[in-house]
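Comments concern the structure below.
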Amino acid sequence: MTGFSFISAASSAFLADSGGKGFWMPEVASDFAEHVDALFMFILVLSVFFFILLMGFTGYFAWKYKESPTNTRSSPISHNFKLEFLWSAIPTVLLVVIFAWGFRDFTMLSTAPADALEVRVVAQQWNWTISYPKLDRECTSTVGTDGGANVDFYLPVNRPFTVQMSSNDVLHSFWIPAFRVKRDVLPNRYTGFTVTPTRTGIYPMFCSEYCGNGHSKMQGTVHVLSPEDFQKKFIDTDLCKLDPKAPDYKPKLFAKFGCNSCHGVKPEQGIIVGPNLYGRYGNVESTNVGPVKMDDDYIRESIEYPEKKLVDGFAGKAMPSFRGRITEVQLAALIDYIKSLK
Amino acid sequence: MSTAQLEHEAGHGHEDGPESGLHHPAEGHPAFLQHHFDNAAQQESASKLGMWVFLATEILMFSGLFLAYFVIRSSFPEMVLEAHEKLDKVMGSINTVVLITSSLTMALGVRAVQTNQRLQARWYLLATLAFAATFMVIKYIEYSAKVEHGTLPGIYFQEHVYDVAAGVQGTLDRWWGGSQLFFGIYFIMTGLHGIHVVIGIGLIIWIMVKNERGAFSSAYYTPVENVGLYWHLVDLIWIFLFPLLYLVK
Amino acid sequence: MTTVTLEKGISHGSDHTHVEEVDFYRAKRGIWSWLATVDHKRIGIMYLVGTLLGFFGAGVLALIFRADLMTPNSELGRDMYNKLFTLHGAIMVFVFIIPAIPAALGNFFLPLMLGAKDVAFPRLNLLSFYIWVAGLIILLFAIIVGNLDTGWTFYTPYSIKDGSNATPLIIATGGVFVMGFSSILTGVNFIVTVHKMRAPGMTWNRMPLFIWALYATAIIQVLATPVLAITVLLLLIENVMQIGIFNPAWGGDPVLFQHFFWFYSHPAVYIMILPGFGIISETISVHSKKHIFGYKAIALSSVAIAIISFLVWGHHMFVSGQSEFAAALFSFLTFAVAVPTAIKTFSWVATLYKGVITWNAPMLYTLTFLFTFTIGGLTGIFLGALSVDIHLHDSYFVVAHFHYVMMGGTVIALLAGLHHWFPKMFGKMYNEGHARIGVILVFVGFNVTFLTQFMLGSQGMARRYAEYDPVFQTYHVISSIGSFVLGAGLLWILAYMVWALMKGPKAPANPWGGVSLEWATQSPPIEHNFHKTPHVDTDPYNFPEIDRSAASNSHH
């Protein structure tokens, strides 16, 4: 245990100081991160040591035994049991230690204490939605001027949280480098882990399983707050409350379903992947089945059966279908929202 | 030399290059000895090993399909149980007997060639061919039945159902975890197997033609033996396929 | 003690008259003599040209997106970037690195080193080549049709498309399916050749280590590639008729695809590296005039690696949602496969001890290999450790690791082998001065490109990102500059080699004083390799320079 603390302290000094990033790693912001960095440091030290040793011998031999008028005969040595045994056994022992250490720390992620904060993560092309079932909050992504989605993820420090994750379409992966946690997000079952943030601050969150066009553009910002701040700035506010009567309900719904990943709503956004919807309602669109009016029915059909009636120039863009995962109320709200874009 | 992939035979093996006079025993070399081999024994040995290694690759390839089958079966056991009833067990059983018998006639054919009985070999090989063709005909009948019933894989699944009580014909579309999964793996497995049967038919015809030309004798019968081995593998794969697909319960 | 003395140019006709023999290039003329050849040496040369074309093509793609990565935003656009990295990976893996050493150098030298006239099945060998060409044409078709952006790993459900979007995938998976058979048939050929066609007196323990390496590789090719064939076939059928095996929309499992895919693709990386290990064993001993250290350990470790490689595929899937137990098992076995590799590396370094070392291009590339492959291997340890891999998976750390082992390993070994065997294959000598420039450019360019990517990964840069947080820009700029130096170095090597082919001085039969059988033929060899069947009475590392007098024996 003291050995661990020593390596941990040393790694903090070398890898990342308590103030922020180090040479190799970002801030140590979770309990798991501390363990990962300690093992990383251990492997790094061993690797550097053996690398220098090996390259040292290689370089030395290559130089010392270079052919020359005085060096024309080589040694007949071609094996040495003791040496070969040692250089097989020592790496084996070290690797078993590394394996055991890695496995032990790995199991931290599947230990969920009873008081862990429950977080639901839903991934889709190309944004994240983070909800807190017990707090009745749902934080959806907002789209920036560069077309990238960002979700704000609020957490209290020093309290474990468990994520339960699922995808609405293809594989994604949830990665918070400062926490050193990552897990793939699947469409056919839940995946998850538990970790405790140990440092307040703001940390980026990324998708780390290639998922198409917007893979590099579905991000998050993790806000780790002190318990008081978490109470003040999150619990006691209306942040992430999805109230149908709220004025920003419709744009939030538009973001929640990921519509904003592909459809711009302001003229300056241009074409992201699909047609820009600003001022589009009521237009007659040229499609692969002839001219079609963009009315309530066409919007509904596009959301539920996107493969019918494709606007010219967007044939290969593969808009996903939301049939079966959108309610009538939500459909009506979205249609209303698109109508209002002018 | 013969492996299942080569269906053409260019000749005796003199096409490898100019005769540089190496490695040839003073009395000249037999017509079947290929130029890069030192002697007939080496050629035969290499040929056989090559065939066995190739068969190992075939087993690995089909194992992947068996794995896919087991995953589908363990994910949706009731669906598999129900869907497999649509397969004709009688036809499947007949095909099994047909294939096993063809393996017997094939083995007898190999034996005949080994003992210089060319004429007997011809009949055994012909019998094997006949059984192989029978297998494909029964397969064709089974497949046609599937097309008629609409029990096809994936997007082509449109099962024709008859609601006895209501007296109405209808079609069943594919559904999540539905029969189209079972029929998918059924068609892929029996289809790939069927392709191997057809290749086998080609190989047997090739062997028969060469046999007629007197290419084989007790001194040289490796191609026949190798085709025999291939055929036994095709039979073996079916023996695993049949119970797994047709006899689920 | 050499095993065979070289007979020059004379052989015996069937009536025992003396016949002058020309090298295999001049034995037959005309394009048809190449296209219909069954000579393993010609087939090897054709594979060499083909795989190098793939290498340079895919390399250019990499330089394009490395240029794009110099800025945080993507000038190419995300769609184009995604297509480029997909093609770079698919072409490099399937067209270049899997076949390169075995099919090019292996085909050329396996029979020569065994003392045989050809491989066991020469016509099958030619068929393998044409299957490779067919697969390549199909893949090129997929590229032209366009829109292939799934990554070379084809993970589902993203790689299962509807309607016309599925076309490039159907074509690409078809191309991979076809190409796989080339690899399988080469493997069959090599296994039988090693078992049945060794020259008299060549026991298994007298085989050169390059042969042991090719043999172990062939075992993997034969057992693993059929599973890839089924995997891409199933994916192809998924795209044609939506069976549903890998598609969760219909009840399938995307993680099942990963298991199928990696069951082949992990052993595949050993197909990529084992032949490289074999080359290094040859070059390091010949160019230090010293018997390879630990022959048995190196030979058996190749087979051990081949076997264990089938048991570790899950280390690509630690975060995929597989069970903890599976993860632990795969992690443990991953470390197990590291041990034989370490043994080889130590044995190579020990071979240098008290040798007579020539600082020529083959040796310089060999030393480079020791440097870069060791980094690649050591960084694999980080990725095999479960907790650390959680952070590093799918980051640039992984990209750096696999480039260090695949490029810093296989490609450097290929360069070592090409220089080592250039005189034998082409009958010409390249210029050492030119070659040294190449070594420096490649060494510097490669390390500058990929060393920074380790830090990029551990700091939080994910893979397959067209755009990134500006905080990562400095490392990306350094990496890209390195890649241009590396590209220049590789082009330089191509240039002087072509120049040497045309204008280089004639090469002697045995410029390096090697003792394995390929050096007992002329340069280039005659069509049938040997005038008389060689008889082997010793192993291929007994160089005349070895001092066997008692005074020089020492124990260390």
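For the reader, a short list of remarks on this structure follows.
One line per residue, one yes/no per condition, for (1) modelled with pLDDT under 95; (2) more than 30 Å from A:Gly214 (Cβ to Cβ); (3) buried (at least 21 other Cβ atoms within 10 Å of the Cβ); (4) charged (D, E, K, R):
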| site | (1), (2), (3), (4) |
| --- | --- |
| C:Met429 | no, yes, no, no |
| C:Arg436 | no, yes, no, yes |
| C:Leu441 | no, yes, no, no |
| C:Gly445 | no, yes, no, no |
| C:Val448 | no, yes, no, no |
| C:Leu456 | no, no, yes, no |
| C:Ala488 | no, yes, no, no |
| C:Met502 | no, yes, no, no |
| C:Ala507 | no, yes, no, no |
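- Flag if C:Ala216 is facing another protein chain (nearest Cβ under 10 Å) and modelled with pLDDT of 95 or more: no
- First in segment A:239-266 and in contact (Cβ under 8 Å) with a residue 12 or more places away in the chain, second anywhere and of a type in the set (Asp, Glu) and in a loop (DSSP other than H, G, I, E, B), Cβ under 7 Å, 6 or more apart: A:Tyr249/A:Asp243
- If you check A:Asp296, A:Asp238, A:Asp248, A:Asp243 for being at pLDDT 90 or above and either open to solvent by 50 Å² or more (accessible area, probe 1.4 Å) or touching a Leu at 6+ places or on another chain (Cβ under 6 Å) (or both), only one passes: A:Asp296.
- Looking only at segment C:304-334, and only at residues there that are under 20 Å from C:Asp253 (Cβ atoms) and open to solvent by less than 10 Å² (accessible area, probe 1.4 Å), the one that is nearest to the chain's Cα centre (by Cα): C:Gly314
- First in segment B:58-83 and over 18 Å from B:Phe242 (Cβ atoms) and in the same structural domain as B:His196 (by TED's automatic domain parsing), second anywhere and among the aliphatic types (A, V, I, L, M) and open to solvent by 40 Å² or more (accessible area, probe 1.4 Å), Cβ under 8 Å, 6 or more apart: B:Leu60/C:Leu223
- Where A:Asp184 falls short, out of the listed (1) assigned to a strand (DSSP E or B); (2) more than 9 Å from chain C (Cβ to nearest Cβ): (2)
- Among the candidates B:Val90, B:Val53, B:Val97, the residue that is within 14 Å of another protein chain (Cβ to nearest Cβ) and in a helix (DSSP H, G or I) is uniquely B:Val53.
- Candidate set from segment C:222-238 (those that are more than 7 Å from chain B (Cβ to nearest Cβ) and open to solvent by less than 10 Å² (accessible area, probe 1.4 Å)); member that is farthest from C:Ile307 (Cα to Cα): C:Glu238
- Residue list for segment C:244-292, filter: in contact with a Pro (Cβ under 6 Å, 6 or more places away or on another chain) and hydroxyl-bearing (Ser, Thr, Tyr): C:Thr283
- Restricting segment C:380-394 to residues that are open to solvent by 10 Å² or more (accessible area, probe 1.4 Å) and touching a residue at least 60 places away in the same chain (Cβ under 8 Å), the residue that is farthest from C:Thr334 (Cα to Cα) is C:Asp394.
- Against the numbered list (1) open to solvent by less than 10 Å² (accessible area, probe 1.4 Å); (2) touching an Asp or Glu at 6+ places or on another chain (Cβ under 8 Å); (3) farther than 24 Å from C:Leu84 by Cα, C:Ala462 comes up short only at (3).
- Complete set of residues in segment C:266-296 that are farther than 23 Å from C:Glu545 by Cβ and of a type in the set (A, V, I, L, M, F, W, C): C:Ala268, C:Val269, C:Ile271, C:Met272, C:Ile273, C:Leu274, C:Phe277
- Options C:Phe373, C:Phe369, C:Phe397: the member that is out of contact with any Phe, Trp or Tyr (no Cβ under 8 Å at 6 or more places or on another chain), open to solvent by less than 20 Å² (accessible area, probe 1.4 Å) and within 11 Å of chain A (Cβ to nearest Cβ): C:Phe369
- Considering A:Asp146, A:Asp169, the condition of being farther than 26 Å from C:Gly377 by Cα, exposed (fewer than 15 other Cβ atoms within 10 Å of the Cβ) and over 15 Å from the mean Cα position of the chain (by Cα) is satisfied by A:Asp146 alone.
- Which listed residue, of C:Ala495, C:Ala488, is small (Gly, Ala, Ser), closer than 30 Å to C:Arg26 by Cβ and either more than 11 Å from every other protein chain (Cβ to nearest Cβ) or in contact (Cβ under 8 Å) with a residue 24 or more places away in the chain (or both): C:Ala495
- Test: residue in segment C:139-162 that is of a type in the set (A, V, I, L, M), within 14 Å of chain B (Cβ to nearest Cβ) and part of a helix (DSSP H, G or I): no
- C:Tyr158 fulfils the conditions (1) of a type outside the set (A, V, I, L, M, F, W, C); (2) within 28 Å of C:Ala216 (Cβ to Cβ); (3) in contact with a Cys (Cβ under 7 Å, 6 or more places away or on another chain) except for a single criterion, (2).
- Any hit, segment C:171-183, residues being in contact (Cβ under 8 Å) with a residue 12 or more places away in the chain, open to solvent by less than 10 Å² (accessible area, probe 1.4 Å), more than 9 Å from every other protein chain (Cβ to nearest Cβ) and of a type in the set (Phe, Trp, Tyr): no
- Sub-8 Å Cβ pairs linking a first residue in segment C:126-143 that is open to solvent by less than 50 Å² (accessible area, probe 1.4 Å) to a second residue that is not in a helix (DSSP H, G or I), at least 6 apart or interchain, are C:Leu126/C:Ala36; C:Leu126/C:Thr37; C:Leu126/C:Val38; C:Leu127/B:Gln5; C:Leu127/B:Leu6; C:Trp132/C:Pro99; C:Ala142/C:Leu148, ordered by first then second residue.
- Taking each residue of segment C:279-307 that is away from every other protein chain (no Cβ under 11 Å) and looking for partners that are surrounded by fewer than 23 Cβ atoms within 10 Å (Cβ to Cβ) and among the small types (Gly, Ala, Ser) with beta-carbon atoms closer than 8 Å, six or more apart or interchain, yields C:Val286/C:Gly513.
- A:Pro204 vs. criteria closer than 21 Å to A:Phe322 by Cα and within 13 Å of another protein chain (Cβ to nearest Cβ): no
The values are calculated or read from the model by the stated rules, or taken from the named source; none is laboratory data. On a predicted model such as this, the values are computed, not experimentally measured, just so you know. All Cβ positions, even for glycine, are placed from backbone atoms using ideal geometry, and neighbour counts span all protein chains on display. To get the accessible areas, we keep the full protein, side chains included, count just its heavy atoms, and leave off ligands, DNA and RNA. Shrake-Rupley method; radii C 1.70, N 1.55, O 1.52, S 1.80 Å.
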